[in-house]
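Here is the structure we will look at.
The values are calculated or read from the model by the stated rules, or taken from the named source; none is laboratory data. None of these values were measured; they are calculated from a predicted model. Cβ placement follows ideal geometry from the backbone for every residue including glycine, while neighbour counts extend to all protein chains displayed.
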């Protein structure tokens, strides 16, 4: 297996880790619900990895996460079940890797 990885021409910079809480509300049957949270320092060129710090409600998953705009984290929750799932808040660990444009 090769260790040849593509890197930005100017390279990867340092990253950081934060914990954020988002209000997920009710997740409608067989749908994706996108919620946002403020995350100071987040840039559209950053790469984010999101993991829940506690167990999510049965049937709920994290579909993807991204920087929607400067300082705005966007997280999509998926409900593939045949019923609406009532949730409240989700605590998420966010790992951010900074890249230069």
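Structural remarks
- Out of 56, 92, 73, one residue alone is part of a loop (DSSP other than H, G, I, E, B) and surrounded by 15 or more Cβ atoms within 10 Å (Cβ to Cβ). It is 56.
- If you go through region 43-57 and pick out every residue that is closer than 24 Å to residue 30 by Cβ and modelled with pLDDT of 95 or more, you end up with 3.
- Taken as a whole, the condition of being free of Cβ contacts under 8 Å to residues at least 40 places away in the same chain and farther than 17 Å from residue 15 by Cβ applies to residue 60.
- On the stretch given as region 37-96, residues that are within 8 Å of the chain's Cα centre (by Cα) and over 18 Å from residue 23 (Cα atoms) total 2.
- Top-ranked residue of region 1-24 - restricted to ones that are within 30 Å of residue 82 (Cα to Cα) and loosely packed, with under 14 Cβ neighbours inside 10 Å, ranked as modelled with the highest pLDDT: 21
- Here is the figure for region 39-53: residues that are surrounded by 17 or more Cβ atoms within 10 Å (Cβ to Cβ) and either touching a helix residue (DSSP H, G or I) at 6+ places or on another chain (Cβ under 9 Å) or in a loop (DSSP other than H, G, I, E, B) (or both) total 3.
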